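Q: The following block contains the structure, expressed as structure tokens.
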Amino acid sequence: MSTVSIPASAPAAEPSALRGLLRPAVVLFVGLSLLTGLVYPLLVTGLAQVMFPHAANGSLVVMRGRVVGSELIGQPFADPKHFWSRPSATAPMAYNAGASGGSNLGPTNPALTDAVKARIEALRAAERGLASGPGDPGNTAPVPVDQVTASASGLDPHISRAAADYQLRRVASARGLPEAEVRALVDRHTEGRLLGFIGEPRVNVLALNLALDSLDARGVR
């Protein structure tokens, strides 16, 4: 008659063996936590403050000792005397840096179509309001697409050169400045393509509007 042998229970691990496994795990955890959670952030922050202090602190724009914005975050402008920024779809307010995002509306969504139509009408109304007389229809040029559609981030501080040129006549008329003078200012604030071939020429709206306001402050006409 055959018999079945029952294996003996495995011996319990020795406490010293457990300590031998636990100690390197704890040391590794603490060491990596200090390295990645303290040393590395402090090193990168310190290098950034030394090498790129302006960018590391938010690329803030300071006028007369007061922070008026950032080169990296757009702002809404509605005065005809200013160049208008690209629309923003962030909530609960436009250009909310704490809630970056787009509208997520598809090209066939009626809500997007209605929003674009309303933005075009607002631009046209601003142009008609500064027409030279009853026979002047205002600016009848095609509206650049970035003037009526929001960017994916909702924070874009730039507009295209075409969008700046579209608004140039209105801004010059509202300020009583020659168009050539305003155009020269736009030229000075037009940024070229990155590395000469990436992207398109663009204009930082905040920087341009501050330059325009500086003209007024100096009484330049």
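Q: For helix 161-175, report the angle its Cα long axis makes with the longest principal axis of the Cα atoms of the chain; keep it between 0 and 90° and round to the nearest 10°.
A: 50 degrees
Q: Can you tell me the order of 171-180, 146-155 when each peptide is scored by its average per-residue count of other Cβ atoms within 10 angstrom, highest first?
A: Working: 171-180: 15.9, 146-155: 19.1.
Output ranking for 171-180, 146-155: 146-155, 171-180.
Q: Once amide H atoms are placed 1.01 Å from N in the peptide plane, what residues at a sequence separation of 5 or more from Gly74, or on another chain, have their amide H within under 5 Å of its amide H?
A: Residues meeting the criterion, in which the H sits 1.01 Å from N, are Asp156.
Q: Please give the contour-minus-distance gain from Phe29 to Leu195: 0.36 nm per residue of separation, less the Cα-Cα distance, rounded to one decimal in nm.
A: Details: separation 166, 0.36 × 166 = 59.76 nm, distance 4.26 nm.
Gain on extension, Phe29 to Leu195, equals 55.5 nm.
Q: Express the C-alpha Rg of the chain as a ratio against the empirical globular expectation 2.2 N^0.38 Å, rounded to two decimals. Walk me through the numbers before you get to the answer.
A: On the way: Rg = 29.7 Å, N = 221, 2.2 N^0.38 = 17.1 Å.
Scaled against compact globular proteins, the figure is 1.73.
Q: May I pose another question? Once R0 is set to 30 Å, what does the formula 1/(1 + (r/R0)^6) return for the Cβ-Cβ distance between Ala97 and Ala180, expressed as a FRET efficiency to the nearest 0.05? Before the final figure, lay out each step's value.
A: Numbers: r = 36 Å, r/R0 = 1.20.
Efficiency at R0 = 30 Å is approximately 0.25.
Q: Rg and Dmax of segment 85-175, using alpha carbons, in Å: what are they?
A: Gyration radius and largest Cα-Cα distance of segment 85-175: 14.5, 46 Å.
Q: Which order do the peptides 196-209, 55-68, 78-91, 113-126 take when ranked by the mean count of other beta-carbon atoms within 10 Å per residue, highest first?
A: On the way: 196-209: 16.6, 55-68: 11.6, 78-91: 19.4, 113-126: 14.6.
Output ranking for 196-209, 55-68, 78-91, 113-126: 78-91, 196-209, 113-126, 55-68.
Q: Where does helix 179-188 land angle-wise versus the long Cα axis of the chain, in degrees 0 to 90, nearest 10?
A: 20 degrees
The numbers here are math on the coordinates, done by the rules we state, and not lab data. Since the model is a prediction, treat every value here as computed from it, not as a measurement. Backbone-built Cβ (ideal geometry, glycine too); neighbour counts: all protein chains shown.
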